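Student: Structure incoming, see below.
The values are calculated or read from the model by the stated rules, or taken from the named source; none is laboratory data. Quantities reported herein were computed from a predicted structural model and do not represent experimental measurements. For neighbour counting, all protein chains shown are included, and Cβ atoms are generated from backbone atoms with ideal geometry for every residue, glycine included.
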């Protein structure tokens, strides 16, 4: 019955409006990915700025629990927001909650960068507070951006269009690395400094306290730019027609955006509503859609397992990069240089792996099919550990080569330095504790 409604038949033909819907909904995923992943580019910088103790002489580093909370609190907010707004969206509609949560994301992204305090705990605590509510808004935007696309499209192109919306997440990850890399490069060119080994205090430039704030606040920009266009989008035809039962309003909305005249099928819609008037999880629901429960279990389990690997990299990649030799060790560079190298590596990894994977799926999901595409993804995850092991083994081959070289005859003092008349001296400075960003004098 629903397939015979004129308003739904009008959606069957792909038009320019569908492309606009992909871009507008996709910008939601872009914003979500940027805000969730940009924090990993600045987390080490936060440790240098707020957790350096000159009396110990060690590099400033976020404690493990603090680091996990700073990075993971937005994900907790996202989980909460998805559950809450998922229920609310079915009650109030897709569009009504759009504006409120967009404003919430803009405010919280800006306030995350304005996290101030008299101590490290107050700064980090304020940051985590606003990051949680930012994640809460992301949770609403995440599911809604994915929901409105299938309700605007037809069955034939639905898979490709939904995948294209999700692919904007990969672009958001790329921009998280690109923006951090570009800004840290600009700051580094204007505020050079020695490495931590050479100057423990001034290896962390005071100006770096502005950098991480700018990176976080820029997360508000894409949400702000798309606010106008999202507010112009009408409620989806499927929701207005099939849930609200307002065929006339649906015909007006869809006729305006599709630039065609649509007849309001009030009689057909009334018959459809009458035959489908039952509650979620009711006996009638299970009688008609019991099999969908198995589908839901399948999608939730695979998504759960996928996100363990996908989002765990947000916690670990800053530590994995130097361990793999992709970035220099922290004590051999200054604070801005470390952020630049971390962001650069994150950008390259996303550009060469995440981005192609998303768009491969967009172009081939209709030809290969969902099941085979998912099997390919799981296969790549299964061999990732092997590939990492091969890379590490090749790295160790260099060390083996160095040891083998030491067995060969060589001039005296080549490695031991016995012929050198100069002794290496270590630069030391008097320990001092000063608030980051304030004026510090060398001693």
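Student: Are there any pairs, at least 6 apart or on different chains, whose C-beta atoms fall under 8 Å, with the first in segment 26-53 and outside the structural domain of residue 217 (by TED's automatic domain parsing) and the second assigned to a loop (DSSP other than H, G, I, E, B) and modelled with pLDDT under 90, and if so, which?
Tutor: The qualifying pairs do not exist here.
Student: Right, next: Only one of these is surrounded by 15 or more Cβ atoms within 10 Å (Cβ to Cβ), within 17 Å of residue 145 (Cβ to Cβ) and at pLDDT 85 or above: 85, 37, 69. Name it.
Tutor: 37
Student: Given the conditions (1) more than 23 Å from residue 209 (Cβ to Cβ); (2) crowded, with 16+ Cβ neighbours inside 10 Å; (3) out of contact with any helix residue (DSSP H, G or I) (no Cβ under 8 Å at 6 or more places or on another chain), and given that residue 23 satisfies all but one, which numbered condition is not satisfied?
Tutor: All conditions pass for residue 23, except number (2).
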